[in-house]
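One structure below.
The values are calculated or read from the model by the stated rules, or taken from the named source; none is laboratory data. What you see is a predicted model, and the numbers here were worked out from it, not measured in a lab. Positions of Cβ are backbone-derived with ideal geometry, glycine not excepted, and every protein chain shown enters the neighbour counts. Note: accessible area is taken over every heavy atom of the protein model, side chains too, but ligands, DNA and RNA are not part of it. Shrake-Rupley method; radii C 1.70, N 1.55, O 1.52, S 1.80 Å.
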Amino acid sequence: MKIYSSIKKVVPYSIGVRLRGLWQKINGFYFKGSKYYCPYCQHSFRAMLPGGFNLPVIKEKKIIGAGYRPNNVCPRCYSTDRDRLIYTFLKE
């Protein structure tokens with residue numbers, strides 16, 4: 001993480017935004033498929049990125065819907081499964 005923070009200090013914000021956009025497009029192309037669909041960016045993928053946290057308190061308290069999930073984040077727009085659910089609910 002130290003490298004990431006030092007790069008952030010050197011690279012201007014506007015260039016960083018463009019680099020992130022380019023990385024999102026590359027990720028979207030790499031994960032292209034038909035198994036999962038993202039209503040935000042309207043693209044289909046063979047897999048989503050993992051996300052969430054593996055904290056002991058989540059298992060201890062048996063919190064439903066929390067924790068680490070293997071297919072959680074869209075590789076193109078970085079929306080989470082909850083974001084997509086709320087978006088779809090509001091749209092319908």
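Would you say Phe89 is modelled with pLDDT of 95 or more, out of contact with any strand residue (DSSP E or B) (no Cβ under 9 Å at 6 or more places or on another chain) and not small (Gly, Ala, Ser)? Please lay out each step first, then the result.
Numbers: modelled with pLDDT of 95 or more: yes; out of contact with any strand residue (DSSP E or B) (no Cβ under 9 Å at 6 or more places or on another chain): yes; not small (Gly, Ala, Ser): yes.
So Phe89 passes the test.
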Condition first: closer than 10 Å to Pro75 by Cα and open to solvent by less than 50 Å² (accessible area, probe 1.4 Å). Now tell me which residues in region 1-40 satisfy that.
Gln24, Asn27, Gly28, Phe31, Cys38
Note on Phe45: of the conditions (1) out of contact with any strand residue (DSSP E or B) (no Cβ under 9 Å at 6 or more places or on another chain); (2) hydrophobic (A, V, I, L, M, F, W, C); (3) under 21 Å from Arg84 (Cα atoms), unmet is (1)
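Matching residues to (1) of a type outside the set (Phe, Trp, Tyr); (2) within 24 Å of Lys8 (Cα to Cα):
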{"residue": "Ile26", "(1), (2)": "yes, yes"}
{"residue": "Phe31", "(1), (2)": "no, no"}
{"residue": "Tyr36", "(1), (2)": "no, no"}
{"residue": "Pro39", "(1), (2)": "yes, no"}
{"residue": "Phe45", "(1), (2)": "no, no"}
{"residue": "Leu49", "(1), (2)": "yes, yes"}
Given the structure, is Asn54 within 28 Å of Lys8 (Cα to Cα) and surrounded by 12 or more Cβ atoms within 10 Å (Cβ to Cβ)?
no
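Name the residue that is nearest to Lys91 (Cα to Cα), counting only residues in region 14-43 that are touching a Ser or Thr at 6+ places or on another chain (Cβ under 8 Å) and in a strand (DSSP E or B). Write out each step before concluding.
Step one: list which residues in region 14-43 are touching a Ser or Thr at 6+ places or on another chain (Cβ under 8 Å), which gives 32-41.
Cutting the leftovers down to in a strand (DSSP E or B) gives us 32-38.
On the way: Lys32: 24, Gly33: 24, Ser34: 22, Lys35: 22, Tyr36: 19, Tyr37: 15, Cys38: 13 Å.
For region 14-43, the residue satisfying everything is Cys38.
Right, Lys59: open to solvent by 60 Å² or more (accessible area, probe 1.4 Å), of a type in the set (Lys, Arg) and at pLDDT 90 or above or not?
Values: open to solvent by 60 Å² or more (accessible area, probe 1.4 Å): yes; of a type in the set (Lys, Arg): yes; at pLDDT 90 or above: no.
No; evaluated as a whole, the condition is false for this residue.
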